[in-house]
Amino acid sequence: MNPVNLAVNLGGLSMKNPVTVASGTFGYGDEYNHYFDISRLGAVTVKSLTLRPRAGNAPPRIMETPAGMLNAIGLQNIGLESYLREKVPFLREKNCVIIANIYGYTPDEYGELARRLEEENGADAIEANLSCPNVHDARHARGGALVAQSPEKVLEYTRAIKAATTLPVFIKLSPNVADIVEPALAAQQGGADAISLINTLLGMDIDPETRTPRLGNIVGGLSGPAIRPVAVKMVWDACRALEIPVLGMGGISSAEDALQFLLAGARAVAVGCMSFRRPDTALKVVEGLEAYCMRHGIVDINDLVGAMRL
Amino acid sequence: MTVLLECEITAHQDIAPGHKRLALRAEPIATVAVPGQFCMLEAHEGLYPFLRRPMSIERIYKDGISILYKVLGLGTRLLAHLPVGAVINVQGPLGNGFPLPQGFNRHILVAGGIGVAPFPGLAEAILQKLGRTPEVVLAARNDRMLLLVKEFSRMGCPVHIATDDGSAGMQGFASDALESLTPDSSTLVYCCGPTAMMRAVHGVCARHDVRCYASLEAEMACGDGVCMGCVVETNSEDEARRMVRVCREGPVFDTRDINWNGGVRP
């Protein structure tokens with residue numbers, strides 16, 4: 001008998017605990033199952049899927065930064081068909097709750113991805129990546145604007161995805177905006193069931209010796225513990241304005257970090273690139289949350305959501 | 001099976017200026033590892049440096065492994081200070097080892113600088129599993145930076161030396177030394193070192209119809225196929241196969257498969 005209830009409902013998605021992983025930091029789950037039983041997570045969020053396979057950006061794609069990293073992967077992925085054929089059977093056999101992260105070039109493509117994933121039993125929820133910073137060539141102009149930077153587009157895309165599926169739809173937004181509340185409210189207005197916050201912060205790194213950028217795509221997305229305070233603040237901002245729940249992420253490396261997001265208002269959390277350093281981080285967060293609840297006499301983890309004392 | 005393991009440092013000494021050998025007690029890794037595989041080392045518990053350091057395995061013993069590394073940046077500087085008896089977290093073994101195909105009557109290992117790191121274990125495997133004695137080309141900036149000359153000689157391997165300044169062996173690059181050994185299609189070459197050196201070695205091999213395997217290095221976050229950060233570009237035109245991961249499909253590649261002009265880091 002578990003004395004602590006860790007189960008949460010994230011916009012219609014039932015999770016046995018509030019911990020998942022950030023898209024792109026955990027592959028399709030099977031890669032890390034030899035370190036721990038991945039079905040112990042509240043959900044597995046898979047690497048961004050596109051309709052067709054993508055080779056991604058030119059190397060180098062990774063650059064270490066203080067307490068974090070820059071990446072400019074460019075959504076290299078196996079594509080929807082290979083995912084359905086090669087990855088879903090394993091995740092279903094493990095009884096994992098699947099959050100399928102999707103990326104499209106048009107609202108229709110997002111809709112088609114969501115529809116196919118539902119029809120083929122490849123997802124329990126859809127997380128729409130409207131905020132990948134790495135799919136544009138930064139050499140040209142200032143790079144393309146992200147959908148997530150335009151509340152009007154967020155509304156349009158969210159509506160298209162909602163119309164295509166009955167699965168819970170989470171909209172993943174970008175921190176590269178002046179006010180996170182505007183796109184968050186647009187997603188809510190479009191029918192989103194939850195908001196995922198935050199994607200990476202745009203950044204770059206230059207080698208003074210060679211005077212060249214260290215990433216092949218020049219700019220990339222910053223993640224890791226360095227961005228955690230920014231993420232906690234954005235989650236707090238969004239949660240105060242929204243009625244729908246928030247999946248909080250950005251630099252979580254421990255249960256203590258995850259608790260900050262819950263206290264700021266997130267209903268659930270995702271462990272990101274810390275899994276690269278320690279593949280079992282997400283499991284440690286699950287265990288640490290339970291230990292925290294027992295230590296503090298919390299019977300239901302939902303009681304901690306938004307429970308920051310002011 | 002890849003494991004996350006707390007490993008005790010059993011030896012840690014300088015082998016040349018700025019170069020060290022680290023020996024680790026790591027039986028669960030040693031029992032499954034093969035030459036050419038690598039491990040991800042966590043130099044400390046803090047968050048900066050944030051990522052583990054990928055390092056190829058030098059030799060595999062019954063209950064442990066050894067690793068050669070060059071002290072280059074923050075991670076290796078922290079590692080360099082660790083005393084015998086300290087414990088570090090190691091993830092491994094990762095990646096694919098060197099292929100050991102039959103049918104070649106000459107094996108040449110071509111190393112540039114610290115690129116020699118995976119070759120002692122490979123030389124041992126060629127001696128024991130194929131019953132052949134590999135030749136070794138060791139290239140370095142100068143005589144002081146030459147690594148493992150005695151070790152390979154002790155194994156009975158003919159050693160050919162090239163230095164940039166001519167302070168030992170022939171003056172020239174690793175590829176020049178390889179060329180002077182007149183490899184042919186019955187020769188199998190393995191190479192590891194800086195990109196420019198491997199590109200040149202591949203060029204020599206391509207001209208003489210010599211098969212060549214290279215062990216590549218890349219900036220890498222996870223080491224385990226997940227982050228997609230360590231890719232190199234192949235000559236494949238299939239979008240799903242154009243970028244391959246050094247950690248998962250490599251680190252050892254047939255050099256004919258790699259796009260050496262722009263597909264690898266400079």
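Once you order the gyration tensor axes a ≥ b ≥ c over the Cα atoms, which shape class does chain A get: rounded for a/c under 1.5, otherwise prolate or oblate by comparing a/b with b/c? Before the final figure, lay out the partial values.
Numbers: a/c = 1.34, a/b = 1.22, b/c = 1.10.
It comes out rounded by the Cα gyration axes.
Per DSSP helix of 4 or more residues, -39500 (n - 2.57); summed, then divided by the residues of the protein assembly as shown. What does that give at 222 nm, rounded to the nearest 500? Intermediate values should be presented prior to the final figure.
Numbers: 15 runs with 137 residues, N = 576.
Result for the protein assembly as shown, helices only: -7000 deg cm²/dmol.
Which entries of A:Lys87/B:Lys129; A:Lys47/A:Lys284; B:Lys62/B:Lys129; A:Lys87/A:Lys153; A:Lys153/A:Lys284; A:Lys284/B:Lys20 show an alpha-carbon separation above 26 angstrom in the structure shown? Walk me through the numbers on the way to the answer.
Values: A:Lys87/B:Lys129 37 Å; A:Lys47/A:Lys284 21 Å; B:Lys62/B:Lys129 17 Å; A:Lys87/A:Lys153 31 Å; A:Lys153/A:Lys284 38 Å; A:Lys284/B:Lys20 34 Å.
The pairs that break the limit, which is 26 Å between Cα atoms, are A:Lys87/B:Lys129; A:Lys87/A:Lys153; A:Lys153/A:Lys284; A:Lys284/B:Lys20.
Given charges of +1 on the Cβ of Lys and Arg and -1 on the Cβ of Asp and Glu, with all other atoms neutral, how large is the dipole of the protein assembly as shown about its Cα centre, in debye to the nearest 20? All intermediate terms of the calculation are to be shown ahead of the outcome.
On the way: 54 positive and 61 negative charges, 133 e Å.
Once rounded to the nearest 20, the dipole reads 640 debye.
Could you pull out every Cys in chain B that lacks a partner Cys with its beta carbon under 4.7 Å away?
B:Cys7, B:Cys39, B:Cys157, B:Cys191, B:Cys192, B:Cys230, B:Cys247
Would you mind classifying the range A:1-48 by shape? Square roots of the alpha carbon gyration tensor eigenvalues, ordered a ≥ b ≥ c; an a/c under 1.5 is rounded, otherwise it is prolate if a/b is larger than b/c and oblate if not.
It is oblate, given that a/c is not under 1.5 and a/b is not larger than b/c.
Hey, got a sec? Which chymotrypsin sites (Phe, Trp or Tyr not before Pro) in the range A:234-296 land in a DSSP loop and have at most 15 other Cβ atoms within 10 Å? Mind showing how you got there, number by number?
Working: sites: A:Trp236, A:Phe261, A:Phe276, A:Tyr292; in loops: none.
Nothing satisfies the criteria.
When you count, for each residue, the other Cβ atoms within 10 Å and take the mean per peptide, how do B:15-26, B:117-128 rank with the highest first?
Numbers: B:15-26: 18.7, B:117-128: 22.3.
Ranking the peptides B:15-26, B:117-128 by packing returns B:117-128, B:15-26.
Run the numbers on chain A and let me know its relative contact order in percent, using alpha-carbon pairs under 8 Å that are six or more apart. Please report the intermediate quantities before stating the final value.
Numbers: 729 pairs, mean separation 64.6, N = 310.
Relative contact order for chain A comes out at 21 percent.
Along Cα→Cβ, 7 Å out, is where each label goes; now give me the distance between the ones at B:Met170 and B:Thr182 in nm to one decimal.
Taking the simple label geometry, B:Met170 and B:Thr182 are separated by 1.2 nm.
In the protein assembly as shown, what percentage of the DSSP-assigned beta bridges are antiparallel, given to the nearest 5?
Numbers: 55 of 102 bridges.
Of the beta bridges lying entirely in the protein assembly as shown, close to 55 percent run antiparallel.
Go ahead and run the numbers for FRET between B:His208 and A:Ala241, Cβ-Cβ distance against an R0 of 51 Å, rounding to 0.05. Walk me through the numbers before you get to the answer.
Numbers: r = 68 Å, r/R0 = 1.34.
Here the calculated transfer efficiency is 0.15.
Would you mind computing, in nm to one decimal, how far apart the modelled labels at B:Glu124 and B:Asn259 are, each placed 7 Å from Cα along Cα→Cβ?
A separation of 3.8 nm, rounded to one decimal place.
What is the mean number of Cβ atoms from other protein chains located within 10 Å of the Cβ atom of each residue in peptide B:225-238, rounded to a whole number?
Values: counts 4, 14, 14, 13, 14, 4, 12, 2, 3, 1, 0, 1, 0, 2.
If you average over the peptide's residues, the count of other-chain Cβ atoms is 6.
Averaged over its residues, how many other protein chain Cβ atoms are within 10 Å of peptide A:27-36's Cβ atoms?
Mean shielding by partner chains, rounded to a whole number: 3.
A short reminder: the numbers here are calculations on the coordinates, not readings from a lab. Keep in mind that this is a model prediction, so the values were computed, not measured. Here Cβ is always computed from backbone atoms with ideal geometry, including for glycine, and neighbour counts include all displayed protein chains.
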